[in-house]
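Worksheet: the structure to be examined is printed underneath.
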Amino acid sequence: MHDRLAPLYPQHLATLRERADKALALGGFDHLVIAAGTPLRKFLDDQDYPFVANPHFRHWLPLTDTPGSWIVYTPGHKPKLIFLQPKDYWHVVPAAPSGYWVEHFDIEIVRNATDAVALLPATNTRRAIIGPECPTVPGAEANNPQAVLDYLHWHRSYKTPYELELMREASRIGARAHRAAEQAFRAGESEFGIHMAHLAAARQIDAELPYASIVGLNEHGAVLHYTHFDRHAPAESRSFLIDAGASAAGYASDITRTYAAKGHAEFQALIDSMDAAQQAFAAKVRAGQSYPELHIHAHHVLADVLREHGIIRMSAESAVASGVTSAFFPHGLGHPIGLQVHDVAGFQASETGGTIARPQGHPYLRMTRALEPGMVVTIEPGLYFIDMLLDELRDKPVASDIQWDRVAQFRPYGGIRIEDDVVCTDGAPENLTRDAFALIG
């Protein structure tokens, strides 16, 4: 992996330096100071929550577990890493910096947080300090200037070749883990057992994953963010929905698959229709495509799937306009992904800020921009049988156009979601997820 990253990193760093130069000039600052961050302490306890490094820090360096460290960049100068390597026998101390990136930084190793702060640009200089506001670091409180963040977040949407290679690796790890999860489902494991199989295959612990895994059997697939993990296998496993990713040097993959147990042919046919629709949406991840328009298009296609399988009688136009499709597909088509699973700038109007509103009636869409080369987005249509939303439909005039016996037939399966991570290029899209599954067979 390092052999693939080493030749790509210098250009990545040059791109970040160029962006930082412009962001600092826009905000009127002389120095960019990026905190890795420090762990949050649990309330009334002497233990911390798992540490998650500031994504701005991870953008510059493939370091995910170096709390208390800092990056300092001053235009025209080599970037500096202030690396905290404490004297500590309670915890594992970060190893000294090594690898393909070290030659590109001036590195100073310090033993405590006070010494680290002392090496930052002086408080009377114009410092843009990017980091979490809590917990604060005395003498280096984050100011997170909006003009600087707006510019950096906007341009973070366009992934460098180095970043794309890390995202391919995250997808490969995620696909391998998904294969193991499917095998555990086929073997009759509980949700907890399936989750453990996913972790073992990914070789990552929960805290290293980009988000909490969703592992739902049967009706649990209708809970969009189901993270309960039943410890006992159900009497019958009819269906399985898993939404789980993996990380590579802080970059995320976000993958969802839905499976039918053997002998449940009608639900499998519904999955097949959704899979075909999802792949068609992914094929539309091309430069100039409005993401909200793609989301609305997905609702019309979903209406056709519902009609095809005898769940509704109405036209696609009526199903979308009346909100019927929103009852079966209540979330957005997807979101930007990269250093964060729900990455920044999905609604941003320009590099100087602003917001592009969601289309009316679609409050959970997480991206409203037009697609451009270098962007990576998820494509994750869903079709669910959610009691609360179905009960609301029953009280509306359109209820007569819904085949409630078919709804009752599919309800024990929970729902379907299929999700890929897709790169917008100058030509055909690159589907990171499908490519990763193809590699492992």
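The values are calculated or read from the model by the stated rules, or taken from the named source; none is laboratory data. All values derive from a computational prediction rather than experimental measurement. Positions of Cβ are generated from backbone atoms using ideal geometry, with glycine treated the same way; all protein chains shown enter the neighbour counts. Just the protein is used for accessible areas: all its heavy atoms, side chains included, with ligands, DNA and RNA removed. Shrake-Rupley method; radii C 1.70, N 1.55, O 1.52, S 1.80 Å.
Some values worked out for this structure:
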| quantity | calculated |
| --- | --- |
| Residue count, the stretch 177-193 (criterion: buried (at least 19 other Cβ atoms within 10 Å of the Cβ) and either within 21 Å of the chain's Cα centre (by Cα) or at pLDDT below 95 (or both)) | 3 |
| First in the stretch 117-134 and of a type in the set (Asp, Glu), second anywhere and in a loop (DSSP other than H, G, I, E, B), Cβ under 9 Å, 6 or more apart | 133/141; 133/142; 133/144 |
| Filter result for the condition that a residue is touching a residue at least 12 places away in the same chain (Cβ under 8 Å), of a type in the set (A, V, I, L, M, F, W, C) and either open to solvent by 20 Å² or more (accessible area, probe 1.4 Å) or over 30 Å from residue 240 (Cα atoms) (or both), over 370, 408, 357 | 370 |
| Residue check, residue 232 of a type outside the set (D, E, K, R), open to solvent by 20 Å² or more (accessible area, probe 1.4 Å), within 19 Å of residue 209 (Cβ to Cβ) and assigned to a loop (DSSP other than H, G, I, E, B) | no |
| Output for the stretch 314-358, where each listed residue is among the hydroxyl-bearing types (Ser, Thr, Tyr) and assigned to a helix (DSSP H, G or I) | 318, 325, 326 |
| Candidate set: the stretch 76-110, residues that are open to solvent by 50 Å² or more (accessible area, probe 1.4 Å) and touching a residue at least 12 places away in the same chain (Cβ under 8 Å); chosen: the one farthest from the chain's Cα centre (by Cα) | 87 |
| Residue that is farthest from residue 274 (Cα to Cα), among those in the stretch 363-381 that are aliphatic (A, V, I, L, M) and under 16 Å from the mean Cα position of the chain (by Cα) | 375 |
| Whichever residue in the stretch 37-48 is touching a strand residue (DSSP E or B) at 6+ places or on another chain (Cβ under 8 Å) and either more than 16 Å from residue 136 (Cα to Cα) or touching a residue at least 40 places away in the same chain (Cβ under 8 Å) (or both) and, among such residues, is surrounded by the most Cβ atoms within 10 Å (Cβ to Cβ) | 40 |
| Among residues of the stretch 104-145, those that are assigned to a strand (DSSP E or B) and of a type in the set (A, V, I, L, M, F, W, C), counted | 6 |
